[in-house]
1. What ranking of 10, 143, 47 emerges when the number of other C-beta atoms within 10 Å of each C-beta is taken as an exposure proxy, fewest first?
2. Mind running the shape call on the range 91-138? Use the C-alpha gyration tensor, a ≥ b ≥ c as the square roots of the eigenvalues: rounded below 1.5 for a/c, prolate if a/b tops b/c, oblate otherwise.
3. At a 10 Å Cβ-Cβ cut-off, how would you order 81, 108, fewest neighbours first?
4. Separation between the residue 13 and residue 126 pseudo-spin-labels, each 7 Å from Cα along Cα→Cβ, expressed in nm?
5. Once a ≥ b ≥ c are taken as the square roots of the eigenvalues of the Cα gyration tensor of the range 55-104, is the result rounded (a/c under 1.5), prolate (a/b larger than b/c) or oblate (a/b not larger than b/c)?
6. Using a simple spin-label model with points 7 Å from Cα along the Cα→Cβ vector, what separation in nm is obtained for residue 144 and residue 93?
7. With an 8 Å Cα cut-off and a minimum separation of 6 or more residues, compute the relative contact order for the range 65-145 in percent.
8. Under a 10 Å cutoff between Cα atoms, tell me which one of 132, 90, 25 has the largest fluctuation in the Gaussian network model of the chain.
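Quick note: the coordinates plus some simple rules give every number you see, no bench work behind them. These numbers were taken from a predicted model, which means no experiment stands behind them. Positions of Cβ are backbone-derived with ideal geometry, glycine not excepted, and every protein chain shown enters the neighbour counts.
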């Protein structure tokens, strides 16, 4: 009596493997834009939270807090008046920041107001955003251009 082995042929295995590779490739193509979207949202939420933290810290400690954005290093930091570092963040190299009507170095005064008002620009891939500080009270908003 002959005994048959129950296995897969080489052609069947290659067919299944090629289908798996096609599905994986298509999935990666669709995940890349999602990754960019998450990276952009993470940057803006962190930046907003850090700026609000700097403002709140200035008001609660009754001293100036400086914010310095270093676009060439893809980094920004927040310091107390005495030089103590409060926040030091690096951000993605896909994000470019450029001065506008306000420099990339500014301060929150002890009353929470910003020392100068204006805008600077943030670029992510082909998208452009403007972060604007309003006169008085240090309020700010981000607008997609």
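1. 10, 143, 47
2. prolate
3. Exposure proxy ranking, most exposed first: 81, 108.
4. 4.4 nm
5. Taking the square roots of the gyration eigenvalues as a ≥ b ≥ c, the range 55-104 is prolate.
6. The two pseudo-label positions are separated by 2.6 nm.
7. Reported relative contact order: 22 percent.
8. With Cα springs under 10 Å in the chain, the top fluctuation among 132, 90, 25 is at 25.
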